[in-house]
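Below is one structure, written out as structure tokens, with a few remarks after it.
Please treat every number below as a calculation from the coordinates, not as lab data. Please read these numbers as outputs of a predicted model, since none were measured by experiment. Here Cβ is always computed from backbone atoms with ideal geometry, including for glycine, and neighbour counts include all displayed protein chains.
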Amino acid sequence: MTLQIDSLAISADEAPTHDVQLDQLHEQVATLDADILGAIELRTQLVRRLAAATSDAAVTAESTSFDELGADGSTFSRMLARIASATR
């Protein structure tokens, strides 16, 4: 007796489309990661310049609120402050 389940079969046309979609998603994530890192580097430079210009070593990322991130917002803010102060 042979049992055939058509609903589980992936046609040849569906598989490449799925793979292409996954590749596109990976590319988009990589592009966003690069943009985020670039923005963090620029922000770090600006915070350091601001601290130097105001002679205020306490200038940190905490002047910005990331409340939209929920509980992670304060963690993100502290992380940015730590990056900015790491090699001052």
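Label-to-label distance for D67 and Q21 is 3.7 nm, based on points extended 7 Å past Cα in the beta-carbon direction. Put a dot 7 Å past the Cα of I36, heading toward its Cβ, do the same for T75, and the two dots end up 1.2 nm apart.
May I ask you to order 33-42, 75-84 by the average number of other C-beta atoms within 10 Å around their residues, highest value first?
Working: 33-42: 10.6, 75-84: 15.5.
Taking the mean over residues of other Cβ atoms within 10 Å, the ranking is 75-84, 33-42.
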